[in-house]
Structure formats: structure tokens, C-alpha cells
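J.: This is the structure I have questions about; it appears just below.
The values are calculated or read from the model by the stated rules, or taken from the named source; none is laboratory data. Since we're looking at a predicted model, the values are computed, not measured. FYI the Cβ positions are ideal-geometry reconstructions off the backbone, even for glycines, and counts take in every protein chain you see.
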Amino acid sequence: MAVARQAAGPPGLRVLAARARDLLLRDRTTLDEAHIIEAIAGGARRMLYEPELSRHALDAWLKAVAADGDLTAGHAAMLAAVETRLGSAEVRDVSLLPTQALTAATGHASPAAWAAAEFQLVRRHVVDAWCTRLAAALHDGHLHSGDGDQLLLVAGWPIINESDREVAYLTQYPVLASAVFTTRYRNPMPSAQTVPWAVVLRVPAFAPGHATAHRSNYLHAEPGTVLPADTPVDDREVRALLRSAAGYLPEDSASDPAGPIPAVAAWRAATGPATDLRDWATDHGDYHWHLPQRWRWIPAENHHTSGPGSAQLLQQLCQALHHYTAVLVVAAGEPDALDRIELVVSPDAVDPDTGALTYRPYDLPGCPTVTVPWRRIIAVHDAW
């Protein structure tokens with residue numbers, strides 16, 4: 001983390017320029033223009049290891065502008081990058097040239113010569129348009145750099161990959177809450193040997209747009225509530241943002257009323273028929289591979305029951321599934337705003353006194369455990 005902070009430096013000109021670049025890389029008009037000028041030349045003419053034209057051109061602009069903010073140098077660098085890629089390419093599709101020609105029809109040795117001159121001017125117009133948009137985005141970043149703060153969720157924490165260097169400055173802002181991201185459909189997909197953390201940060205107002213526009217195989221960002229300067233953070237809003245990555249938070253049930261939760265009872269009833277696993281528990285209860293296909297366990301209202309929905313049977317499932325995963329269906333959220341969610345977890349243990357289920361989001365060293373009370377459990381079923 002210290003290396004990331006040192007690499008990032010204080011958020012300044014380069015950060016704002018990188019934000020402008022990343023916003024344009026998500027702009028549909030910009031991407032369409034890049035595809036069109038490549039198609040005029042018969043398609044993308046690049047080696048497999050070379051970046052797309054839009055990224056190649058915008059990266060050249062960023063490198064030039066980040067040095068001292070010289071937009072003229074940025075324009076020249078972008079034009080040079082585009083010309084290096086397409087300057088010697090022949091026009092292959094005249095129909096993609098502008099309907100209203102930019103070049104006079106006279107004074108050219110041949111139609112091909114006119115098309116080459118027209119294509120050159122088209123490329124210059126595209127570069128002009130991109131630089132105008134970049135300048136506007138850069139100006140917008142300066143305007144919003146003092147506009148208060150905003151909450152930001154970052155999944156894939158800490159920021160340590162070289163490809164995420166441009167957003168490493170986020171490591172300098174306060175972490176308000178953290179959890180291992182556990183939701184069933186995970187973005188980004190974590191490394192098999194890494195416990196993937198998600199954090200909620202309080203960042204300047206310009207940063208969420210940059211973080212969400214940043215393309216990465218390792219990070220996913222979501223903007224949260226806008227906070228005027230000196231405004232305290234609402235813990236509920238922090239939890240709501242973190243929950244989109246973690247699914248269920250231990251704090252969710254801290255203020256639950258005593259006794260069963262009606263919404264959970266309704267979800268259990270609507271889940272479908274439970275699989276009676278008592279025969280499995282009697283004959284093969286130590287081995288998960290003897291579980292019936294598409295098995296489903298649903299808790300009874302009272303965890304002390306001796307029936308198929310007992311805490312004792314859930315504990316036997318936990319023992320059999322040691323180092324393996326199952327889908328845990330729980331009621332997540334504040335007591336007055338419950339939501340049914342599915343988590344892929346490694347079940348760990350059941351408290352015989354309360355029926356609370358402890359799980360690990362990942363079967364990895366150092367991965368923290370999370371405990372869900374009995375009244376919040378809707379079902380546990382096969383992960384496959």
C-alpha cells in the first residue's frame with residue numbers, strides 16, 4: 001500500500017488529465033469516430049500487442065499534457081500518434097468519407113490522390129474534436145476539484161497493479177469501511193490466491209467519475225452519495241454502498257428485533273421444497289459428494305428442532321463442505337430495508353446455542369469470517 005501511495009503522488013494535473021482520458025475512452029462518439037477512420041483504411045491496422053487507436057491517441061495526449069498542462073503539445077502528440085498509425089494507409093472505403101467533402105475536388109492527380117487528401121483532413125478533424133472534448137473534461141475536473149466530497153466503492157483493494165497506476169491516488173483518502181466482496185456475481189473476478197477486499201472511501205468530487213471510467217481487470221468502482229464540504233457521513237449510506245460488493249454485513253443484524261422476521265419467513269416459504277437430508281446425514285454425512293444433486297436446505301423457525309431444518313443438520317453440512325462452497329441465501333440490509341441475496345461461501349460452523357452460521361467468503365488464509373444469525377438465513381443450497 002505504501003508503494004501505491006508513493007507512486008500516486010498528490011492528485012494534481014496528471015490525475016485530472018488521466019480522468020479526462022478515461023472519460024473519453026468510455027465516450028461512444030469518440031469510439032465510433034475511431035472505428036470509422038480505421039474502417040476507411042480497411043480496418044484496424046495494428047499488431048496484436050498494440051493498443052486500439054483511441055487508447056493509443058489518448059495515451060499520447062496524456063503523456064504530453066501531464067508534463068506541464070500544454071494542450072497544444074497534447075494536440076501535436078495525439079496527431080502524431082494517429083498519423084503514425086494511419087498516415088500511410090490507403091483509402092479502402094470511400095463511402096465512409098464525409099458526405100459533404102472537406103477537400104476541393106480539383107487540383108489532384110487522381111481520384112485516389114483526392115481520397116488520400118480527404119482522409120488526411122478527416123483525421124485532423126477527428127483529432128481536433130477529441131482534443132476539444134479532452135480540454136472540456138480537463139476543465140470540468142478543475143472545476144469539481146473543490147466541490148466537496150463523494151462516497152466511492154472500490155472492489156479489488158488495495159490498488160497495487162501497474163495498469164491501475166493512474167487511480168493509485170485513491171489510496172490517500174480515508175477508508176470508511178471495508179469487507180471481503182462476496183456477492184455471487186463478482187466484478188472484477190478475483191485472483192484464485194488473493195482475498196479480494198472492497199472499501200468505501202470519501203474522495204473529492206472529481207474522483208468517482210475518473211474511477212468508474214477507468215478500465216481495469218483488477219478494480220471495479222461505484223459512486224455513492226455526494227457530500228457537501230464538512231458534511232458528516234451517514235453510516236447507513238456507507239453500509240449500503242459496501243453491501244453492493246459484500247452482500248451481507250455483520251452490522252445488518254445488530255439492531256434486529258427479537259424473534260422471527262416475517263419477511264424471512266415469507267422468503268423461506270417461497271424458496272421451494274427443501275431436500276430432506278436426514279438419510280444422507282445418517283449414511284454418508286461426512287462426505288459432501290454423497291449429497292443429492294440440487295440439494296436445498298431450508299431452516300425451521302426454531303433451530304432446536306430435530307427435523308430436516310435443524311441447526312444440527314446445518315452443522316453436519318458445514319463439516320461435510322469443509323473447503324468447498326455452497327450458496328447461502330440470506331436477508332441482507334437494515335432491518336427496515338431487507339433484501340434477499342445469494343452469496344457463494346465456504347460454510348464454517350454453526351453455533352449450537354443460537355443457530356448462527358459462520359462462513360468464510362473464500363477458503364484462503366487470512367480470509368475473515370462472517371456470522372449470520374438464524375433469523376436471517378433463508379436457505380443453503382448446492383453451488384453447482
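J.: Looking only at the stretch 194-236, which residues are under 17 Å from the mean Cα position of the chain (by Cα) and either assigned to a helix (DSSP H, G or I) or small (Gly, Ala, Ser) (or both)?
T.: ALA198, ALA207, PRO208, GLY209, HIS210, ALA211, THR212, ALA213, SER216, ALA221, GLY224
J.: Return the residue satisfying two criteria in turn: it lies in the stretch 361-384 and is hydrophobic (A, V, I, L, M, F, W, C) and more than 26 Å from the chain's Cα centre (by Cα), and of such residues it is farthest from THR275 (Cα to Cα).
T.: It comes out as TRP374.
J.: What pairs come up if the first residue lies in the stretch 120-137 and is touching a residue at least 24 places away in the same chain (Cβ under 8 Å), the second is hydroxyl-bearing (Ser, Thr, Tyr), and their beta carbons are under 7 Å apart, counting only those six or more places apart or on different chains?
T.: TRP130/THR30; ARG133/THR30
J.: May I ask you to list the residues in the stretch 243-262 that are outside any helix (DSSP H, G or I) and either under 26 Å from PRO223 (Cβ atoms) or touching a strand residue (DSSP E or B) at 6+ places or on another chain (Cβ under 9 Å) (or both)?
T.: Of everything in the stretch 243-262, those that are outside any helix (DSSP H, G or I) and either under 26 Å from PRO223 (Cβ atoms) or touching a strand residue (DSSP E or B) at 6+ places or on another chain (Cβ under 9 Å) (or both) turn out to be GLY247, TYR248, LEU249, ILE261.
J.: Also: Looking at (1) of a type outside the set (D, E, K, R); (2) closer than 30 Å to ILE160 by Cα; (3) out of contact with any Lys or Arg (no Cβ under 6 Å at 6 or more places or on another chain); (4) modelled with pLDDT under 90, which is the only condition THR225 fails?
T.: (4)
J.: Right, something else. Just for the stretch 328-360: of the residues that are among the charged types (D, E, K, R), over 17 Å from PRO299 (Cβ atoms) and within 23 Å of the chain's Cα centre (by Cα), which one is modelled with the lowest pLDDT?
T.: My answer is ARG360.
J.: Do we have ALA331 as among the small types (Gly, Ala, Ser) and either over 20 Å from TRP295 (Cα atoms) or buried (at least 17 other Cβ atoms within 10 Å of the Cβ) (or both) here?
T.: Here the answer is yes, as ALA331 does meet what is asked.
J.: Residue by residue through the stretch 202-233, note down the ones that are farther than 21 Å from LEU23 by Cβ and of a type in the set (Gly, Ala, Ser).
T.: ALA229
J.: Quick check, is SER54 assigned to a helix (DSSP H, G or I), assigned by TED's automatic domain parsing to the domain that holds ALA17 and within 28 Å of the chain's Cα centre (by Cα)?
T.: yes
J.: Looking at VAL65 and the list (1) modelled with pLDDT under 90; (2) assigned to a helix (DSSP H, G or I); (3) exposed (fewer than 15 other Cβ atoms within 10 Å of the Cβ); (4) in contact with a helix residue (DSSP H, G or I) (Cβ under 8 Å, 6 or more places away or on another chain), which single condition is not satisfied?
T.: The number of the failed condition is (3).
J.: Could you list, in sequence order, all residues of the stretch 83-117 that are over 12 Å from ILE40 (Cβ atoms), part of a helix (DSSP H, G or I) and not aromatic (Phe, Trp, Tyr)?
T.: Within the stretch 83-117, GLU83, THR84, ARG85, PRO111, ALA112, ALA113, ALA117 meet the criteria.
J.: OK, next. Which residues, counting only those in the stretch 361-371, are at pLDDT below 95 and surrounded by fewer than 19 Cβ atoms within 10 Å (Cβ to Cβ)?
T.: ASP363, LEU364, PRO365, GLY366, CYS367, PRO368, THR369
J.: Now for a different question. Please go through the stretch 343-355 and give me each residue that is on the phi < 0 side of the Ramachandran plot and either surrounded by fewer than 17 Cβ atoms within 10 Å (Cβ to Cβ) or touching a His at 6+ places or on another chain (Cβ under 9 Å) (or both), ordered by number.
T.: Residues satisfying the conditions are SER346, PRO347, ASP348, ALA349, VAL350, ASP351, PRO352, ASP353, THR354.
J.: Taking the criterion of being surrounded by fewer than 20 Cβ atoms within 10 Å (Cβ to Cβ), small (Gly, Ala, Ser) and not in a helix (DSSP H, G or I), would at least one residue in the stretch 118-136 satisfy it?
T.: No, the stretch 118-136 contains no residue that is surrounded by fewer than 20 Cβ atoms within 10 Å (Cβ to Cβ), small (Gly, Ala, Ser) and not in a helix (DSSP H, G or I).
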